[in-house]
Amino acid sequence: MDKIIIKGGKSLKGEVKISGAKNAALPILISSLLTDGTCKYNNVPALNDIKSVNFLLENLGAKVVKTGAGSLSINSENFNNHKTSYELVRKMRASILVLGPLLARLKKAEVSFPGGCAIGARPVDLHLKGLAALGAKIEIKNGYIKAFCSQLKGADIYFDFPTVTGAENLMMAASLAKGTTVLKNCAKEPEVIELADVLNKMGAKIKGAGTPTIEIIGVKELKPAEVAIMPDRIEVGTFIIAAALTNGDILIKGCAPKHLEAVINKLKEAGADIIVKNNNIRAIGNKEIKSADIKTLPYPGFPTDMQAQFMVLMCFGNGVSMIEESVFENRLIHVSELNRMGADIKVSGNKAMVKGVKFLSGAPVMASDLRASASLVLAGLAAKGVTEINRIYHLDRGYENIEAKFSALGADIKRISV
Ligand code: EPZ
């Protein structure tokens, strides 16, 4: 079990290159199951979740070959296994995304029912309801989702909630269904748009991604594509906050600023100077951090994946900040660890009231989920003294070389293997 040790108080300055987006890469790599050609992927981030999804795809019979740094090719010609194990799905909930492709290609699927995780129950009822509407027969038995169909048929589907992976699963299934599918009340996240673009590159006929209504005209087969994964907007937001927290000046390179409008506006309100130029963002911290309120919302609202990181900034605010987590039911776990570092945060239901304090003190803390662990790194960078972060396997799921990137910006941060 590795841990990260940070000696806080350094002002971060310099340049950082953003990695490919985990939440775009996962569905896109899985979409390789939809064709029996060889798909090529570039700018794939080196993350544990990527290793997990590659292992999952190989387990299904796909051939995954590393072709260079951040590049790989996947061939699903001999993809023949329709079962994924509990072990695989337990590690990574996004494994549920194989359901659509399995039904579309093999007409059957046996996927372990994904359990919840630290941040919530994470149900998949909307995925299953949508696939059933396309004609899949689904039963849940012994902790497995068992599904089969003769041929998926287009249908009109309304999502009770704009689920991101729900829209992605259904787009992939409907791409090879017979007839037209209309998905309504869809998630508008950039990762949904990215997957639709990749599927269209493979020959799918998808319109409306990024709007609440997505139309998919089923085709007979899809051909392989070559794709570069888009930059990770959550990593960008994390580095902007790192600059704001440490009175730093960071040039964040290779981003897509349009994916971060809600975050950029809110961080400007909190007193950071943010200069956007093409696909680079310069983030400059200022002495005073202004308290500001947020409510996390589906895109284009303030992203839930940035809530924990923003909360750390508010710990240094000049007043009181109200933070409301409206997407997941249990995504305030990081509060107790921040309070151990001297923060003044009170939680009531899914709301946190953050009263700014003069400083945080370094302490041994425990990561609990991916974004909470990123918030503990940020807190350690800004705190006085030494912070030791345990269980950083959570961090390794979604941040590539995070300690190397912060160290290059002047942070005193190191990873030790225990
Ligand atoms: C995706 O998760 C992301 N993961 C999450 O990022 C992100 O936080 C989330 O979208 C919201 O933006 C990936 O893309 C791999 P949802 P997803 O389905 O698709 C409820 C990270 O840290 N819901 O949009 O699982 C659900 O309970 C991760 O990178 C149902 O009720 O999220 C939640 O309250 C964390 N039934 C809400 O919708 C369903 O069938 C949002 O879930 C599906 C979802």
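Any residue that is under 27 Å from CYS255 (Cα atoms) and at pLDDT below 95 - is there at least one of those in the range 35-48?
yes
Can you spot a residue in the range 327-347 that is open to solvent by less than 40 Å² (accessible area, probe 1.4 Å), in contact (Cβ under 8 Å) with a residue 60 or more places away in the chain and under 30 Å from SER52 (Cα atoms)?
Yes: the range 327-347 contains one or more residues that are open to solvent by less than 40 Å² (accessible area, probe 1.4 Å), in contact (Cβ under 8 Å) with a residue 60 or more places away in the chain and under 30 Å from SER52 (Cα atoms).
Considering every residue within the range 90-102, establish whether at least one is at pLDDT 95 or above, part of a strand (DSSP E or B) and either over 21 Å from VAL192 (Cβ atoms) or away from the ligand (no atom under 15 Å from the Cβ) (or both).
No - not one qualifying residue is present in the range 90-102.
Tell me which of these ALA262 doesn't satisfy, since it passes every other one: (1) within 29 Å of ARG391 (Cβ to Cβ); (2) surrounded by 15 or more Cβ atoms within 10 Å (Cβ to Cβ); (3) among the small types (Gly, Ala, Ser).
(1)
For ILE74, state whether it is farther than 19 Å from LYS201 by Cβ, assigned to a strand (DSSP E or B) and open to solvent by less than 10 Å² (accessible area, probe 1.4 Å).
Against the criterion (farther than 19 Å from LYS201 by Cβ, assigned to a strand (DSSP E or B) and open to solvent by less than 10 Å² (accessible area, probe 1.4 Å)), ILE74 does not qualify.
From the residues in the range 103-117 that are over 17 Å from GLU87 (Cα atoms) and in contact (Cβ under 8 Å) with a residue 40 or more places away in the chain, which one is nearest to the ligand (Cβ to nearest atom)?
LEU103
Is there a residue in the range 353-367 that is surrounded by fewer than 23 Cβ atoms within 10 Å (Cβ to Cβ), under 30 Å from ALA25 (Cβ atoms) and not β-branched (Val, Ile, Thr)?
Yes.
Just for the range 162-182: of the residues that are away from the ligand (no atom under 13 Å from the Cβ) and among the hydrophobic types (A, V, I, L, M, F, W, C), which one is nearest to ALA24 (Cα to Cα)?
Applying the first criterion (away from the ligand (no atom under 13 Å from the Cβ)) to the range 162-182 yields 172-182.
Now restrict to residues that are among the hydrophobic types (A, V, I, L, M, F, W, C): 172-174, 176-177, 182.
Numbers: MET172: 14, ALA173: 17, ALA174: 19, LEU176: 21, ALA177: 23, VAL182: 22 Å.
Going through the qualifying residues, I end up with MET172.
Answer yes or no as to whether PRO123 is out of contact with any Cys (no Cβ under 7 Å at 6 or more places or on another chain), within 13 Å of the ligand (Cβ to nearest atom) and without any contact (Cβ under 8 Å) to a residue 24 or more places away in the chain.
For PRO123, the condition - out of contact with any Cys (no Cβ under 7 Å at 6 or more places or on another chain), within 13 Å of the ligand (Cβ to nearest atom) and without any contact (Cβ under 8 Å) to a residue 24 or more places away in the chain - is met.
Suppose we filter ILE30, ILE4 for residues that are of a type in the set (A, V, I, L, M), over 14 Å from the mean Cα position of the chain (by Cα) and surrounded by fewer than 24 Cβ atoms within 10 Å (Cβ to Cβ); which single one remains?
None of the other options fit; the residue is ILE4.
What's the total number of residues in the range 126-169 that are farther than 16 Å from ALA109 by Cα and open to solvent by 80 Å² or more (accessible area, probe 1.4 Å)?
The number of residues fulfilling the criteria is 5.
Write out, first by first residue and then by second, each pair whose Cβ atoms fall under 8 Å of each other, whose residues are 6+ apart or on separate chains, and whose first residue, in the range 379-396, is within 15 Å of LEU245 (Cβ to Cβ) while the second is among the polar types (S, T, N, Q).
What qualifies is ALA379/THR387; GLY380/THR387; LEU381/THR246; ALA382/THR246; ALA383/SER361; LYS384/SER361.
Do we have any residue at all in the range 218-230 that's under 20 Å from the mean Cα position of the chain (by Cα), away from the ligand (no atom under 14 Å from the Cβ) and modelled with pLDDT of 95 or more?
Looking through the range 218-230, at least one residue is under 20 Å from the mean Cα position of the chain (by Cα), away from the ligand (no atom under 14 Å from the Cβ) and modelled with pLDDT of 95 or more.
Quickly run through the range 183-200 and pick out the residues that are away from the ligand (no atom under 11 Å from the Cβ) and either within 12 Å of THR163 (Cβ to Cβ) or without any contact (Cβ under 8 Å) to a residue 12 or more places away in the chain (or both).
Once the filter is applied, which keeps residues that are away from the ligand (no atom under 11 Å from the Cβ) and either within 12 Å of THR163 (Cβ to Cβ) or without any contact (Cβ under 8 Å) to a residue 12 or more places away in the chain (or both), the range 183-200 yields LEU183, ASN185, ASN200.
The values are calculated or read from the model by the stated rules, or taken from the named source; none is laboratory data. Only a predicted model underlies this, so the values are computations on that prediction, with no experimental measurement involved. Heads up, the Cβs are rebuilt from the backbone with ideal geometry, glycines too, and the neighbour counts pull from every protein chain shown. Quick note on the areas: whole protein, heavy atoms, side chains included, nothing else; ligands and nucleic acids left out. Shrake-Rupley method; radii C 1.70, N 1.55, O 1.52, S 1.80 Å.
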